[in-house]
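To start, the structure under review is shown below, and the notes come after it.
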Amino acid sequence: MQITLNSPLDMHLHLRDNEMLEVVAPLSAKNFAGAVVMPNLVPPVKTIEDVRNYKKRILKAINGENFNPYMTVFFHEELTRENLEELAWEILSIKLYPDWITTNSEGWAKDILSDKAKEVFKNMEELWIILNIHWETNDFVLDREKNFVPIYEKLAQEFPKLKIIMEHITTKESAELVQKYDNLYATITLHHLYITLNDVAWWMLEPHLFCKPIAKRPEDREALLKLALSWNPKVMFGSDSAPHPQNAKESAHCSAWVFTSPVALQLLAELFEKNNSLENLQKFVSDNAKNIYSLSTDGFNHLKNIPQKTITLEKKDFIIPEKYGEVVPFKAGEKISWSVV
Ligand SMILES: [Zn+2]
């Protein structure tokens with residue numbers, strides 16, 4: 001059995017920088033036609049120069065592979081109309097990480113709905129720039145995503161023409177909310193379709209499955225699966241694949257995030273086949289994203305261009321490598337039943 005995917009896209013990806021970029025960028029570029037590249041470097045990608053320079057480094061790392069890195073910048077309140085007009089020619093979207101995820105707990109709602117932030121949202125809405133949000137509060141870990149729902153509702157109502165992507169949704173509440181407003185969309189990762197909190201902390205702690213947002217309850221995973229496996233046009237694949245060296249994961253204060261990009265299509269094929277939905281995989285890994293981001297294969301606008309690329313997957317055993325460079329991938333060493341031809 002085989003399935004051929006046209007121009008698969010990863011709409012949420014971390015490529016990091018320097019040596020790590022050299023290791024992981026070619027792996028994504030091999031299996032995907034394009035990816036939305038997150039801006040959370042140290043220091044973050046904030047200006048048009050940062051975007052241009054980071055894109056150059058990515059293109060160098062992928063060494064001529066037919067792959068479009070869709071660039072993003074870090075949201076901040078100082079983004080002026082002029083900045084945004086200029087950035088609109090270089091980026092596909094703007095990524096907002098609420099400060100309170102890691103820093104002070106008070107005033108988080110004030111931050112995201114401040115007058116200055118609203119001014120930026122208004123300008124983005126008028127310039128058709130898409131907003132991506134890592135949406136968690138700083139509450140009890142299992143409630144962080146759920147408790148962000150009222151803020152999303154406010155944003156969706158106040159800026160009805162602003163396209164808002166709810167990043168890596170993990171709860172049944174998010175799965176419901178995305179369908180409630182026309183301007184809300186969502187990315188879903190591979191690992192949140194596979195794991196629950198039990199996989200992370202069942203008998204022994206599994207650091208390679210520790211991620212943010214943390215994997216949730218079985219009913220949450222079921223709700224995500226239902227959305228992904230159907231032809232629901234509001235959701236798309238975004239791996240949130242992020243590489244950390246083995247020693248940073250297998251340690252006290254283990255870093256969050258899971259590395260999935262080189263094995264994502266194989267594992268998605270396995271999951272969709274198991275659920276008798278293989279015919280919907282094309283929509284989840286490409287067509288929905290194309291519609292949501294108004295991407296095109298005609299090559300007219302480079303920023304929105306989807307490179308023509310076909311990836312054929314075959315039902316044939318594949319043993320996931322123990323490591324890619326120093327990075328341990330999702331399901332390392334396991335035998336799965338789909339491989340890339
Ligand atoms: Zn991410």
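The values are calculated or read from the model by the stated rules, or taken from the named source; none is laboratory data. Please read all numbers here as calculations on a predicted model, not as lab measurements. Neighbour counts run over all protein chains shown; Cβ positions are idealised from the backbone, glycine included. Each accessible area value is taken on the protein alone, full model and side chains, heavy atoms only, with ligands, DNA and RNA left out. Shrake-Rupley method; radii C 1.70, N 1.55, O 1.52, S 1.80 Å.
Check P69 against each of (1) at pLDDT 95 or above; (2) away from the ligand (no atom under 16 Å from the Cβ); (3) not aliphatic (A, V, I, L, M) and name the one condition it does not meet.
(2)
Hey, does the stretch 240-248 have a residue that's among the acidic types (D, E), within 16 Å of the ligand (Cβ to nearest atom) and either part of a helix (DSSP H, G or I) or open to solvent by less than 10 Å² (accessible area, probe 1.4 Å) (or both)?
So far as the stretch 240-248 goes, yes, one or more of its residues are among the acidic types (D, E), within 16 Å of the ligand (Cβ to nearest atom) and either part of a helix (DSSP H, G or I) or open to solvent by less than 10 Å² (accessible area, probe 1.4 Å) (or both).
I'm checking my understanding of the structure. Among residues of the stretch 322-332 that are farther than 18 Å from A269 by Cα and open to solvent by less than 70 Å² (accessible area, probe 1.4 Å), which one is farthest from the chain's Cα centre (by Cα)? Write out each step before concluding.
In the first step, residues of the stretch 322-332 are kept if they are farther than 18 Å from A269 by Cα; the result is 322-328.
So of that shortlist, the ones also open to solvent by less than 70 Å² (accessible area, probe 1.4 Å) come out as 324-325, 327-328.
Numbers: Y324: 20, G325: 22, V327: 19, V328: 19 Å.
Ranking the qualifying residues of the stretch 322-332, first place goes to G325.
Looking for something surrounded by 13 or more Cβ atoms within 10 Å (Cβ to Cβ), at pLDDT 90 or above and more than 17 Å from the chain's Cα centre (by Cα) - is there at least one such residue anywhere in the stretch 101-114? Write out each step before concluding.
First, pick out the residues of the stretch 101-114 that are surrounded by 13 or more Cβ atoms within 10 Å (Cβ to Cβ): 101, 108-109, 111-114.
Checking the rest, the ones that are also at pLDDT 90 or above come to none.
Within the stretch 101-114 (the criterion being surrounded by 13 or more Cβ atoms within 10 Å (Cβ to Cβ), at pLDDT 90 or above and more than 17 Å from the chain's Cα centre (by Cα)), the answer is no, since none of the residues qualifies.
Filter the stretch 1-23 down to the residues that are farther than 21 Å from A269 by Cβ, within 14 Å of the ligand (Cβ to nearest atom) and among the hydrophobic types (A, V, I, L, M, F, W, C) and list them by number.
L15, the sole residue that qualifies.
Restricting to the stretch 129-143, count the residues that are under 13 Å from I164 (Cβ atoms) and open to solvent by 60 Å² or more (accessible area, probe 1.4 Å).
0
Scan the stretch 31-56 residue by residue and report those that are surrounded by 16 or more Cβ atoms within 10 Å (Cβ to Cβ), assigned to a helix (DSSP H, G or I) and not hydrophobic (A, V, I, L, M, F, W, C).
Those that are surrounded by 16 or more Cβ atoms within 10 Å (Cβ to Cβ), assigned to a helix (DSSP H, G or I) and not hydrophobic (A, V, I, L, M, F, W, C): N31, D50, Y54, K55.
Out of curiosity, is S251 open to solvent by 10 Å² or more (accessible area, probe 1.4 Å), within 16 Å of the ligand (Cβ to nearest atom), under 30 Å from E326 (Cα atoms) and not aliphatic (A, V, I, L, M)?
no
Taking the condition out of contact with any helix residue (DSSP H, G or I) (no Cβ under 7 Å at 6 or more places or on another chain), within 12 Å of the ligand (Cβ to nearest atom) and at pLDDT below 95, does P43 pass?
So P43 fails the test.
To keep it simple, each residue is scored yes or no on (1) within 16 Å of the ligand (Cβ to nearest atom); (2) surrounded by 21 or more Cβ atoms within 10 Å (Cβ to Cβ); (3) closer than 26 Å to V24 by Cα.
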site: I188; (1), (2), (3): yes, yes, yes
site: D199; (1), (2), (3): no, no, yes
site: K212; (1), (2), (3): yes, no, yes
site: A215; (1), (2), (3): yes, yes, yes
site: L225; (1), (2), (3): no, no, no
site: S255; (1), (2), (3): yes, no, yes
site: S277; (1), (2), (3): no, no, no
site: Q282; (1), (2), (3): no, no, yes
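Go through the stretch 306-320 and count every residue that is open to solvent by less than 40 Å² (accessible area, probe 1.4 Å) and more than 20 Å from L193 (Cα to Cα).
Initial filter on the stretch 306-320 (open to solvent by less than 40 Å² (accessible area, probe 1.4 Å)): 306-307, 309, 311-313, 320.
With more than 20 Å from L193 (Cα to Cα) added as a condition, the list becomes 306-307, 309, 311-312.
The qualifying residues number 5.
State the number of residues belonging to the stretch 170-185 that are within 16 Å of the ligand (Cβ to nearest atom) and in contact with an Asp or Glu (Cβ under 7 Å, 6 or more places away or on another chain).
Count: 2.
Is it the case that K118 is touching a helix residue (DSSP H, G or I) at 6+ places or on another chain (Cβ under 8 Å), open to solvent by 10 Å² or more (accessible area, probe 1.4 Å) and not small (G, A, S)?
yes
Is it the case that some residue within the stretch 267-288 is in a loop (DSSP other than H, G, I, E, B) and under 17 Å from the mean Cα position of the chain (by Cα)?
From the stretch 267-288, those in a loop (DSSP other than H, G, I, E, B) are 275-277; that's our starting set.
Those still in the list that are under 17 Å from the mean Cα position of the chain (by Cα) too: none.
Among the residues of the stretch 267-288, not one is in a loop (DSSP other than H, G, I, E, B) and under 17 Å from the mean Cα position of the chain (by Cα), which makes the answer no.
Inspect the stretch 259-269 for any residue being open to solvent by 20 Å² or more (accessible area, probe 1.4 Å), under 26 Å from A33 (Cβ atoms) and not basic (K, R) and give the result as yes or no. Spell out how you get there, then give the answer.
Looking only at the stretch 259-269, we keep the residues that are open to solvent by 20 Å² or more (accessible area, probe 1.4 Å), and these are none.
The answer is no, given that none of the residues of the stretch 259-269 is open to solvent by 20 Å² or more (accessible area, probe 1.4 Å), under 26 Å from A33 (Cβ atoms) and not basic (K, R).
Quick check, is P207 open to solvent by less than 10 Å² (accessible area, probe 1.4 Å), closer than 22 Å to E322 by Cβ and not β-branched (V, I, T)? Talk me through it step by step, then tell me what you get.
On the way: open to solvent by less than 10 Å² (accessible area, probe 1.4 Å): no; closer than 22 Å to E322 by Cβ: yes; not β-branched (V, I, T): yes.
Here the answer is no, as P207 does not meet what is asked.
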